[in-house]
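For reference, the structure discussed in these notes is given below.
The values are calculated or read from the model by the stated rules, or taken from the named source; none is laboratory data. As the structure is a prediction and not an experimental result, all values here were calculated from the model. Heads up, the Cβs are rebuilt from the backbone with ideal geometry, glycines too, and the neighbour counts pull from every protein chain shown.
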Number of protein chains: 2
Amino acid sequence: MEQTTLFEVIMNLYRRKKFSELKAIMAEMNPADVANIIESADGRDVIALFRLLPKSLATEAFAYIDSEQQEQLITAFTDRELREVIDELFLDDTVDLIEEMPANIVNRILKNTDSKTREQINELLAYPADSAGSLMTPEYVYLKTDMTVEESFAKIRAVGVVKETIYTCYVTEERKLVGVVSLLDLLTASYETVIGEIMDTNVISVNTKDDKEVVATTLAKYDLLAIPVVDGENRIVGIVTVDDAMDVLQEENTEDIEKMAAIVPTDKPYFKTGVFETFLKRIPWLLLLMVSATFTGMIITGFEDKLAASVVLTAFIPMLMDTGGNAGGQSSVTIIRGLSLGDIELRDVLSVIWKEIRVGVICGGVLAVVNFGKMLLIDRLILGNPAVTATVALVVCLTMFVAVFIAKLIGCSLPILAKAVGFDPAVMASPFITTIVDAITLLAYFMIAQGLMHI
Amino acid sequence: MEQTTLFEVIMNLYRRKKFSELKAIMAEMNPADVANIIESADGRDVIALFRLLPKSLATEAFAYIDSEQQEQLITAFTDRELREVIDELFLDDTVDLIEEMPANIVNRILKNTDSKTREQINELLAYPADSAGSLMTPEYVYLKTDMTVEESFAKIRAVGVVKETIYTCYVTEERKLVGVVSLLDLLTASYETVIGEIMDTNVISVNTKDDKEVVATTLAKYDLLAIPVVDGENRIVGIVTVDDAMDVLQEENTEDIEKMAAIVPTDKPYFKTGVFETFLKRIPWLLLLMVSATFTGMIITGFEDKLAASVVLTAFIPMLMDTGGNAGGQSSVTIIRGLSLGDIELRDVLSVIWKEIRVGVICGGVLAVVNFGKMLLIDRLILGNPAVTATVALVVCLTMFVAVFIAKLIGCSLPILAKAVGFDPAVMASPFITTIVDAITLLAYFMIAQGLMHI
């Protein structure tokens, strides 16, 4: 028996119109959990449930809700409700919202924001997608070098409440970023201390045009709670907070994994992507890889007569191809991940190749030896196939060695090459490597067979 | 021409013994960057460079340095230097250090810590690896419900400086966790306000035994800067901070990606893993998958006579196998990622299968149709292979449809099945799925060929 979920309890209360109990339960919940419940409801229930929430919880939960239900909600909102929600949203969340919504909703949102906010929204919208500028919020606390700690606290109290983070304050001079001071520094300094004395002038910042992945990894590398975003003249224009950076890292990881699996990436969760859309994300690479398999077909056709003379060779084609593909996939995926974590740089290409050559020799050697024993023991003796002679086993195992060696070499060098010419290394993962390695493996197989078996 | 790197500048100054310039440059640097420089130096330079750092920067940088160089440094440290570093390290970093070091170094570290710290270290070491307990730090600020905001600030000032985070304070009663209050709440409340009035009683916490991945995803889900860790009786024993959670997410992602690529995961970066060690991480799955390819061999051997009668069929084996493998890989990787992000739950199994069935039918259909055209146009007309008849094309394309359909079905259900029985779904990725799909594809191929071609 499954446990009754909180969602079921809430929907039961809702259907039985026990609204006061429902309100009491939801008021105790966390905004993220409330958002989950609302997302799981359907149709009209979404807006009805949302309206049962205490006002502040409702606006907080709104930011966590999926864009599909956000759209439903906004469509049902009165202008006053919409204004209340938008007022409470952080600016970067509003911008995210606007980017997801259809034009008529965007118009309604912009109509319900004051002119200053609208201006800020438009500025943020002008930054290229996936840039630091598009990710940042302009809501941060800035101090001056000649302010005292006491004045700083007054400023934080005055503006801090609505700011997405106040735990790091940025010190500016003529809008240029000259230092940072943490709330902890302020708390442990005397009231008369001047900011210029306690600020850290060694500021880690990113540029508005930097890729959001760079922003997230920089923030992670230096263990920051927020990172300032500056323009070309080192003027601070916003900050990116750690929670947004964490989301970026998760999204980028998902994107890399999808690319590695030959899927065109999508930023929607599995069940939010329709069947046809899923098909569209998967078919391009499947088609391309299928058509490029024409080469393997041509190689086999070229050696058709030889294969007819020694049909036993066919039985080991799948094993050779799969082992080559797996060995190449291991290398390519390791290198792709290393590149994306910054463990491997372009200039490391020779060390990478030299290492993979040695790993390839050992892996290929061990696999070939084990396979030789396996073919004579299992295929010849146990399964009783007299066609599996020592010569056949030798041909297969030599090919195995060559396939693994070449696969490791191609698997490690192609992703680095891709990065060097400006492509995303992640698309050079297993499926792509497999197609190339297959062709080389088959060629090697037939040439070794010709040489050793005189067919 | 490459740019001169900061590392080269520093090493040049170092070799020319310009120590005062060197000190001046390094004093301006961030601890994480200093750590990078020290890691890139070799042998004796590591300790010499480290000793040139201002004391506080040196201890901060130490926490960022790789364990290999940390060991070198500790070996070279005097007892006094060691004590200074350990005193400044956060407790969870000290525990990480101890877990990485050989026994003689561990003894030296423990000898140079006071008895209270030693006790805390031993407690932390007792938690299972990868648990919340092993990740947390016991250094947090706790308040009482009847304290005033003024008293709270006094407490934070008194103990806060050495705490890893003070931005969230935890309210306890008889050590049980009853609420949280953020520094922002404290700053915006009047000094006389009592904590019990402003604290949030809806506390998100994790248990000491929870897996560290659960800790990290919970923290990310609720956008927290730190998450409290409680024991079985809801007594707070530590906190996990957002920077550590971010590292966990990155590590877990790497681990998942490695498992998906049939590699035994390691937590070391690429260049820190030796050739033999890399071989050991890669060979087990290669061997297992190679041996399990015996089945595909057996299937081909079983249909050998038929294959000899119609050798043209062999040419399409690689394409069928690769397409099936790629199609299955797409599904399995999508489902594995969805499971790990929490987008997909075990109870969604039927919706997943129903969706993949529909995607499989469309993908399989499109691939089969395109392939039919491609075989007749490219293989028969352009490449002039008369053996590729419409019947052969039909056999290949029907198999293609079956292979893609079955691959999607197996690709989506095996990871969920693995999770249901307590295995890590990530090992059910492409290489594993490929092996199974290969066998089914070949069986389907030969059976369809038998039926349609009467061979």
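A compact table of results
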{"item": "Selection from region B:308-318 of residues that are in contact (Cβ under 8 Å) with a residue 60 or more places away in the chain and more than 17 Å from residue B:397 (Cβ to Cβ)", "result": "B:309, B:311"}
{"item": "Residue B:35 being surrounded by 14 or more Cβ atoms within 10 Å (Cβ to Cβ) and of a type in the set (Gly, Ala, Ser)", "result": "yes"}
{"item": "Residue list for region B:304-319, filter: surrounded by fewer than 18 Cβ atoms within 10 Å (Cβ to Cβ) and of a type in the set (S, T, N, Q)", "result": "B:310"}
{"item": "Flag for residue B:329 being within 20 Å of the chain's Cα centre (by Cα) and under 24 Å from residue A:299 (Cβ atoms)", "result": "yes"}
{"item": "Residues of region A:376-408 satisfying the condition of being more than 12 Å from chain B (Cβ to nearest Cβ), touching a residue at least 60 places away in the same chain (Cβ under 8 Å) and crowded, with 17+ Cβ neighbours inside 10 Å", "result": "A:395, A:399, A:406"}
{"item": "Condition check for residue A:342: on the phi > 0 side of the Ramachandran plot, in contact (Cβ under 8 Å) with a residue 40 or more places away in the chain and more than 8 Å from chain B (Cβ to nearest Cβ)", "result": "yes"}
{"item": "Conditions (1) within 7 Å of another protein chain (Cβ to nearest Cβ); (2) under 30 Å from the mean Cα position of the chain (by Cα); number of the one not met by residue B:347", "result": "(1)"}
{"item": "Region A:14-59 - residue that is more than 23 Å from residue B:218 (Cα to Cα) and within 30 Å of the chain's Cα centre (by Cα) and, of those, modelled with the highest pLDDT", "result": "A:46"}
{"item": "Failed criterion for residue B:281 (all others in (1) more than 8 Å from chain A (Cβ to nearest Cβ); (2) farther than 21 Å from residue B:427 by Cβ; (3) of a type in the set (Lys, Arg) hold)", "result": "(2)"}
{"item": "Any hit, region A:353-361, residues being at the interface with chain B (Cβ under 7 Å from one of its Cβ atoms), at pLDDT below 90 and surrounded by fewer than 20 Cβ atoms within 10 Å (Cβ to Cβ)", "result": "no"}
{"item": "Subset of region B:208-236 that is without any contact (Cβ under 8 Å) to a residue 24 or more places away in the chain and not in a helix (DSSP H, G or I) - its residue that is farthest from residue A:64 (Cα to Cα)", "result": "B:227"}
{"item": "Whichever residue in region A:305-320 is within 45 Å of the chain's Cα centre (by Cα) and farther than 18 Å from residue A:386 by Cβ and, among such residues, is farthest from the other protein chains (Cβ to nearest Cβ)", "result": "A:320"}
{"item": "Tally of residues being surrounded by fewer than 20 Cβ atoms within 10 Å (Cβ to Cβ) and part of a helix (DSSP H, G or I) across region A:330-352", "result": "7"}
{"item": "Single unsatisfied condition, residue B:111 versus (1) farther than 19 Å from residue B:234 by Cβ; (2) crowded, with 19+ Cβ neighbours inside 10 Å", "result": "(2)"}
{"item": "Qualifying residue in region A:304-311 (condition: polar (S, T, N, Q) and in a helix (DSSP H, G or I))", "result": "no"}
{"item": "Criterion (more than 21 Å from residue B:136 (Cβ to Cβ) and touching a helix residue (DSSP H, G or I) at 6+ places or on another chain (Cβ under 6 Å)) met by exactly one of B:98, B:74", "result": "B:74"}
{"item": "Residue count for region A:401-455, restricted to those that are within 25 Å of the chain's Cα centre (by Cα) and either outside the structural domain of residue A:326 (by TED's automatic domain parsing) or assigned to a loop (DSSP other than H, G, I, E, B) (or both)", "result": "5"}
{"item": "Residue check, residue B:367 under 16 Å from residue B:329 (Cβ atoms) and either facing chain A (nearest Cβ under 10 Å) or at pLDDT below 90 (or both)", "result": "yes"}
